[in-house]
Amino acid sequence: MNERRTPRLLTALACAAVVLSTTGCSVVEEALHSALEALDEPAVATDSDANDGFAETDTALLDQLATIEVKGRAPKTGYERDEFGSGWLDPDRNGCDARNDMLRRDLTEVTFKDGTQDCVVLTGTLDDAFTGTVIEFQRGPGSSSEVQIDHLVALSDAWQKGAQQLSDQERELFANDPLNLLAVDGGTNAAKGDSDAATWLPPNGGFWCDYVARQTAVKAKYDLWMTAAEHRAVAEVVTSRCPDAKALAIS
């Protein structure tokens, strides 16, 4: 995809961030729609290979998207982080928690803490899919947060779109599922919050297709729904940028 980001695209994305704090989601959606319309111009973006570790199916991504139920957001009532388990767990029982597993998977030139059997990541280099920049990670009180593990489908978003009906064990698996996790720039992850694709897309346009493909696969895997605005935003990304994209395997 290797496009050059134009002022028009940057402006549209900036507007989306600003209006989110002052107006309704419909205005944010319009700003994101403007950003998508700007894609016919050359833009600066870095293609992502963040989905390389996940198998593609013969099913079109748009066909997988069509299987996602569309309905309104449920109340956030009752949501707590602990509803998805207490912190990072070790669901695959390899002796490492999910955070360290994702750091080891997504970083290069990784070093480990002695005596942890290559589990606790001390340093590494992140080619950040969200921003298209390179981040040097160093474990420590003042630096660990520079690289965070994002839930591509945010826990709060999932709670409001079907996860309330999942069992405790299913929610724990969801929160620690590698399909839904990605090491990313900490500040950008904080800016995303619990937004869905209707109100937030990564600054790096080269990651948009992979981003919505992962979100769609996660929602299909856990039988979560999308709002109409979210479904429309995902469809716009796919049809405008990667209409022949294949769905990711969810088994």
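The values are calculated or read from the model by the stated rules, or taken from the named source; none is laboratory data. The structure presented is a predicted model; accordingly, all values stated were derived computationally and were not measured. Using ideal geometry, Cβ is built from the backbone for each residue, glycine included, and neighbour counts are taken over all protein chains shown.
Miscellaneous remarks
- Annotation: residue 81 fulfils all but one of (1) closer than 25 Å to residue 200 by Cβ; (2) among the charged types (D, E, K, R); (3) without any contact (Cβ under 8 Å) to a residue 60 or more places away in the chain; the unmet one is (3).
- Scope segment 60-86; condition closer than 18 Å to residue 215 by Cα and surrounded by 15 or more Cβ atoms within 10 Å (Cβ to Cβ); matching residues: 60, 61, 62, 64, 65, 68, 73, 84
Conditions (1) surrounded by 17 or more Cβ atoms within 10 Å (Cβ to Cβ); (2) over 20 Å from residue 56 (Cβ atoms), marked per residue:
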site: 166; (1), (2): yes, yes
site: 191; (1), (2): no, yes
site: 202; (1), (2): yes, yes
site: 205; (1), (2): yes, yes
site: 244; (1), (2): no, no
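- Answer from 219, 161 - the residue that is part of a loop (DSSP other than H, G, I, E, B), modelled with pLDDT of 95 or more and in contact with a strand residue (DSSP E or B) (Cβ under 9 Å, 6 or more places away or on another chain): 161
Residue-by-condition table, conditions (1) acidic (Asp, Glu); (2) at pLDDT 95 or above; (3) in contact with a strand residue (DSSP E or B) (Cβ under 7 Å, 6 or more places away or on another chain):
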position: 148; (1), (2), (3): no, yes, yes
position: 166; (1), (2), (3): no, yes, no
position: 171; (1), (2), (3): no, yes, no
position: 197; (1), (2), (3): no, yes, no
position: 207; (1), (2), (3): no, yes, no
position: 212; (1), (2), (3): no, yes, no
position: 223; (1), (2), (3): yes, yes, no
position: 228; (1), (2), (3): no, yes, yes
position: 232; (1), (2), (3): no, yes, no
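- Residues satisfying the stated conditions in segment 214-242, i.e. of a type in the set (Phe, Trp, Tyr) and either surrounded by fewer than 19 Cβ atoms within 10 Å (Cβ to Cβ) or more than 21 Å from residue 75 (Cα to Cα) (or both): 225
- Hey, residue 50 over 21 Å from residue 211 (Cβ atoms), assigned to a loop (DSSP other than H, G, I, E, B), of a type in the set (A, V, I, L, M, F, W, C) and at pLDDT 55 or above or not: no
- For segment 129-145, the set of residues classified as surrounded by fewer than 18 Cβ atoms within 10 Å (Cβ to Cβ), closer than 27 Å to residue 79 by Cβ and under 18 Å from the mean Cα position of the chain (by Cα) consists of 145 only.
- Any hit, segment 148-162, residues being touching a residue at least 60 places away in the same chain (Cβ under 8 Å), under 25 Å from residue 71 (Cβ atoms) and among the basic types (Lys, Arg): yes
- Whenever a residue of segment 175-199 is in the same structural domain as residue 228 (by TED's automatic domain parsing) and under 24 Å from residue 251 (Cβ atoms), its partners that are of a type in the set (Val, Ile, Thr) and at pLDDT 95 or above, lying with C-beta atoms within less than 6 angstrom and at least six residues away or across chains, give the pairs 179/218; 180/153; 180/218; 181/149; 183/147; 183/149; 197/212; 197/234.
- Any hit, segment 124-136, residues being free of Cβ contacts under 8 Å to residues at least 12 places away in the same chain, out of contact with any His (no Cβ under 8 Å at 6 or more places or on another chain) and in the same structural domain as residue 210 (by TED's automatic domain parsing): yes
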